[in-house]
Amino acid sequence: MAATLAQKIIARAAGRVRVTPGDVVTAQVDLAMIHDSGGPRRVEPILQDLGVGLWDRDKVVLISDHFVPGDTGEGARILQLTRDWARDKQVAFHDGQGICHVVLPERGHLRPGMFVVGGDSHSPTGGAFGAYMFGVGATEMAGVLATGEIWIKVPGTILLEWTGRLGRGVVAKDIMLALCGRLGMDGGQYQAVEYTGEAIAALSMQERMTLSNMAAELGAQTGLIAPDAVTAEYLAKRGVPVGPERDLATDPGAELLAHHRFDASVLVPQVAAPHSPANAGPVTDAPKTGVDVAYIGACTGAKYDDLRAAASVLRGRRTRDGVSLLVAPSSRQDQDRAAADGTLKALEEAGATLLPNACGICAGYGAHRLGAGVICISSTARNFRGRMGDASSEVWLASPLTVAASAVTGEITDPREFLPEEAA
């Protein structure tokens with residue numbers, strides 16, 4: 001019987017031969033990821049009330065990223081609590097190495113076919129590796145940590161097929177903003193979104209991570225991409241073996257909830273106006289809005305590939321007077337890589353201020369939160385009112401290329417103005 005990628009992974013986790021959309025099953029969790037904000041300080045009191053410990057410490061990964069660098073009294077206290085818990089429970093712990101959704105795969109914790117639960121709404125990022133990963137709150141996470149199980153209603157699959165190839169100045173972030181604009185923030189219906197097609201196959205792993213990450217903005221439970229040679233190569237570099245799971249894929253003829261087809265070759269750079277990713281459209285249609293802050297940060301928009309894209313615009317140029325260019329690399333590894341090949345130097349010479357490898361102002365943390373009336377163009381995933389600072393601030397969403405171009409001109413700008421005609 002033909003089955004989707006989502007059904008295959010869930011069936012294995014539930015110990016069944018097959019599952020169908022609408023079934024409610026109990027699944028065995030292969031890995032649980034938590035961070036400093038929603039992790040120990042939230043789940044430990046629940047575990048203590050229940051009088052239980054961790055079901056398997058080897059299947060728990062803890063990452064500090066929200067309160068890093070701990071420059072407030074509360075932040076320092078929460079980070080210390082997080083470190084103490086990691087030591088006491090003897091779980092894998094990545095302290096201040098970057099944002100959880102980027103650190104988890106780069107440290108080799110994910111592989112195709114896994115059933116993974118994360119304590120953050122952007123946990124669907126793991127779907128880029130052919131893992132079924134979704135986010136839960138602290139109460140459900142406490143249950144997972146205690147039992148290693150969680151119930152799930154088997155989702156339908158919404159297939160998002162992108163034919164053709166992306167053009168000059170167009171990247172995965174533009175795909176996601178276009179999808180948010182066309183399908184809306186409930187277009188995923190809390191089902192499994194799966195990205196496929198020639199354009200998707202041509203993307204790097206980090207670009208694929210952007211797609212899966214922002215499945216959350218489509219309202220999906222997870223965002224899957226079938227594993228392939230690109231996946232295997234990424235994992236091999238991190239010492240993660242990929243066996244038969246590399247061939248996991250949705251079967252031809254599998255029942256789908258919906259199948260949307262798009263032509264990547266006609267897509268142009270996108271921007272989303274305040275205060276929703278759904279307010280997205282072509283940058284060529286956007287008003288020439290002046291910007292005060294250009295922010296390249298977050299798990300969605302400051303990975304190595306994102307930093308390199310921004311540098312391709314900024315190299316040899318300077319940000320416009322009055323524009324603050326803030327760059328918060330998604331992980332320490334990506335920052336080191338960008339430093340080694342000159343990418344970071346290009347950003348700093350253009351006028352960028354380097355911020356910690358942390359969630360930062362994307363999630364409303366840190367000293368650089370947006371002030372009253374500030375207009376920002378950002379590579380983050382969300383632009384809800386007040387999320388990144390004062391409620392009167394306004395945030396436009398765009399790709400790192402568009403953010404960089406706008407930093408140069410001081411207003412929302414099509415990045416293709418700064419790219420050579422032959423650029424991919």
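The values are calculated or read from the model by the stated rules, or taken from the named source; none is laboratory data. This is a predicted model, so every value here is computed, not measured. Counting neighbours? That spans all protein chains shown, and the Cβs are built from the backbone with ideal geometry, glycine included. Note: accessible area is taken over every heavy atom of the protein model, side chains too, but ligands, DNA and RNA are not part of it. Shrake-Rupley method; radii C 1.70, N 1.55, O 1.52, S 1.80 Å.
Taking the numbered list (1) basic (K, R); (2) more than 26 Å from the chain's Cα centre (by Cα); (3) within 27 Å of Q333 (Cβ to Cβ) in turn, R57 passes all entries but (2). The number of residues in segment 214-248 that are more than 21 Å from I152 (Cβ to Cβ), open to solvent by 10 Å² or more (accessible area, probe 1.4 Å) and part of a helix (DSSP H, G or I) comes to 9. Being out of contact with any His (no Cβ under 8 Å at 6 or more places or on another chain) and under 20 Å from A201 (Cβ atoms) narrows it down to one of R308, R315, R238, R261, so name that one. It is R261. Does segment 369-390 contain at least one residue that is part of a helix (DSSP H, G or I), in contact (Cβ under 8 Å) with a residue 40 or more places away in the chain and more than 16 Å from A273 (Cα to Cα)? No: zero hits. Of all the criteria given as (1) open to solvent by 30 Å² or more (accessible area, probe 1.4 Å); (2) touching a helix residue (DSSP H, G or I) at 6+ places or on another chain (Cβ under 9 Å); (3) not in a loop (DSSP other than H, G, I, E, B); (4) not small (G, A, S), the one not satisfied by R182 is (2).
In this structure, R337 does not satisfy being among the basic types (K, R), touching a residue at least 60 places away in the same chain (Cβ under 8 Å) and closer than 23 Å to L104 by Cβ. Of the helices (runs of 4 or more DSSP H) that lie entirely inside segment 282-363, those containing 3 or more residues that are farther than 23 Å from I175 by Cα and open to solvent by less than 30 Å² (accessible area, probe 1.4 Å) span 343-349.
Note on segment 1-21: among residues that are under 27 Å from the mean Cα position of the chain (by Cα), within 21 Å of H259 (Cα to Cα) and small (G, A, S), the one that is least open to solvent (accessible area, probe 1.4 Å) is A6. Number of residues in segment 57-106 that are among the acidic types (D, E) and either open to solvent by less than 40 Å² (accessible area, probe 1.4 Å) or touching a strand residue (DSSP E or B) at 6+ places or on another chain (Cβ under 9 Å) (or both): the value is 4.
Within segment 91-105, no residue that is farther than 19 Å from Y304 by Cα sits with its Cβ atom under 6 Å from a residue that is surrounded by fewer than 19 Cβ atoms within 10 Å (Cβ to Cβ) and of a type outside the set (K, R) at 6+ positions apart or across chains. If the Cβ limit is 6 Å and pairs must be 6+ apart or interchain, which residue in segment 282-305 that is under 11 Å from A398 (Cβ atoms) pairs with which residue that is part of a helix (DSSP H, G or I) and not polar (S, T, N, Q)? Every condition considered, the pairs that remain are A294/V403; A294/A407; I296/A310; I296/P400; I296/V403; G301/P400. Taking segment 116-175 as the search range and keeping residues that are of a type in the set (S, T, N, Q) and part of a helix (DSSP H, G or I), which one is nearest to E194 (Cα to Cα)? That would be T125. With respect to the stated conditions, L211 fails to be open to solvent by less than 30 Å² (accessible area, probe 1.4 Å), farther than 30 Å from A339 by Cα and not small (G, A, S).
Taking the stated definitions as given, is L47 hydrophobic (A, V, I, L, M, F, W, C) and either free of Cβ contacts under 8 Å to residues at least 12 places away in the same chain or open to solvent by 20 Å² or more (accessible area, probe 1.4 Å) (or both)? So L47 fails the test.
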